[in-house]
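The values are calculated or read from the model by the stated rules, or taken from the named source; none is laboratory data. Note that the coordinates shown come from a computational prediction; the quantities given were computed from them, not determined experimentally. Positions of Cβ are generated from backbone atoms using ideal geometry, with glycine treated the same way; all protein chains shown enter the neighbour counts.
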Amino acid sequence: MKPNDYIHHFTAADDVRLWLTRPARHLDKLYASDGHILIRTYDDADVRVLDDSPLVSAAEQMLKPLTERNNWISAQMVLPEEWLCCVCGGIGKTITCDRCEGDGVIEAATGPHEITCPKCDGMPERGDENGAPCEHCGGSGAGFQTVPVGNTWFQRRYLALLQTLPGPVLLSLNADPKEVAFFTFAHGAGALMPCRES
């Protein structure tokens, strides 16, 4: 498995911070992040990158404590069944109602008050293969779901993503469940932000 096979899964589908939507390259390494998970792996000429990305220096700073870690556990764990995104229904893309322009309500014809949009019935975004990446799930199609690992909670979709990397994939937790966790895999390393219990 080459980095081009997996690195794009670690970028943001749609973000105003352009440097999170494309991998970065520095010397012989590639970097990618969506703001919640960060990966560093070996270079692959097939990967298109964003030049002069601020991601490189931020990633190296974030990964400095990695060398001091010694409490590694396997990331190959049984995960609960995945929930689908409640907005896109698991498609990963949405379209917005053109009648209410995403508000779910329109001005009533009979007076100065709002009524539920009759076209979308108050649900202005819906899953559609031809739409834009779903902002609610980041284009993954997965609903927000947390899983406990030791004393820390992580989004299920990120734990599942770790399991797709070339192994062995190892995870290192902190005593403080609010601190970033680290991971290693056959071709690199990364960091994963914890979340609150759902």
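Taking the listed residues Glu107, Glu114, Glu81, Glu179, the one that is touching a residue at least 12 places away in the same chain (Cβ under 8 Å) and acidic (Asp, Glu) is Glu179, with no other qualifying.
The numbered conditions (1) more than 18 Å from Met62 (Cβ to Cβ); (2) in contact with a Gly (Cβ under 7 Å, 6 or more places away or on another chain) are all true for Val49 except (2). Contact annotation: residue pairs with Cβ atoms under 8 Å, 6 or more positions apart or on different chains, pairing a residue in the range 8-22 that is at pLDDT below 90 and small (Gly, Ala, Ser) with a partner that is part of a helix (DSSP H, G or I) and surrounded by 18 or more Cβ atoms within 10 Å (Cβ to Cβ), are Ala12/Leu20. Is one or more of the residues making up the range 49-56 of a type in the set (Gly, Ala, Ser), over 23 Å from Arg157 (Cβ atoms) and part of a loop (DSSP other than H, G, I, E, B)? Yes: the range 49-56 contains one or more residues that are of a type in the set (Gly, Ala, Ser), over 23 Å from Arg157 (Cβ atoms) and part of a loop (DSSP other than H, G, I, E, B).
Would you mind stating whether Ile73 is over 20 Å from the mean Cα position of the chain (by Cα), outside any loop (DSSP other than H, G, I, E, B), over 25 Å from Asn151 (Cα atoms) and aliphatic (A, V, I, L, M)? Even if it seems obvious, please write down each step before you answer.
Values: over 20 Å from the mean Cα position of the chain (by Cα): yes; outside any loop (DSSP other than H, G, I, E, B): yes; over 25 Å from Asn151 (Cα atoms): no; aliphatic (A, V, I, L, M): yes.
Answer is no for this residue.
Take the residues in the range 101-114 that are under 35 Å from the mean Cα position of the chain (by Cα) and part of a strand (DSSP E or B); name whichever of them is nearest to Val87 (Cα to Cα). Talk me through it step by step, then tell me what you get.
Just the residues of the range 101-114 that are under 35 Å from the mean Cα position of the chain (by Cα), to begin with: 101-106.
Imposing the further condition that a residue be part of a strand (DSSP E or B) reduces the set to 105-106.
Numbers: Val105: 17, Ile106: 20 Å.
The selected residue is Val105.
Restricted to the range 123-144, and to residues there that are closer than 14 Å to Cys86 by Cβ and free of Cβ contacts under 8 Å to residues at least 40 places away in the same chain, the residue that is surrounded by the fewest Cβ atoms within 10 Å (Cβ to Cβ) is Met123.
Note on the range 158-176: among residues that are modelled with pLDDT under 90 and in contact with a strand residue (DSSP E or B) (Cβ under 8 Å, 6 or more places away or on another chain), the one that is surrounded by the most Cβ atoms within 10 Å (Cβ to Cβ) is Asn174. Taking the range 13-48 as the range and being closer than 16 Å to Ala186 by Cα and buried (at least 19 other Cβ atoms within 10 Å of the Cβ) as the test, the residues that pass are Leu30, Tyr31, Leu38, Ile39, Arg40, Thr41.
Of everything in the range 56-78 that's over 22 Å from Ser33 (Cβ atoms) and of a type outside the set (Val, Ile, Thr), which residue is surrounded by the most Cβ atoms within 10 Å (Cβ to Cβ)? It would help to see each step written out before you state the result.
Pass one, the range 56-78, residues over 22 Å from Ser33 (Cβ atoms): 70-71, 73-74, 76-78.
Narrowing the set further to residues that are of a type outside the set (Val, Ile, Thr) leaves 70-71, 74, 76-77.
On the way: Asn70: 6, Asn71: 12, Ser74: 11, Gln76: 14, Met77: 12.
It comes out as Gln76.
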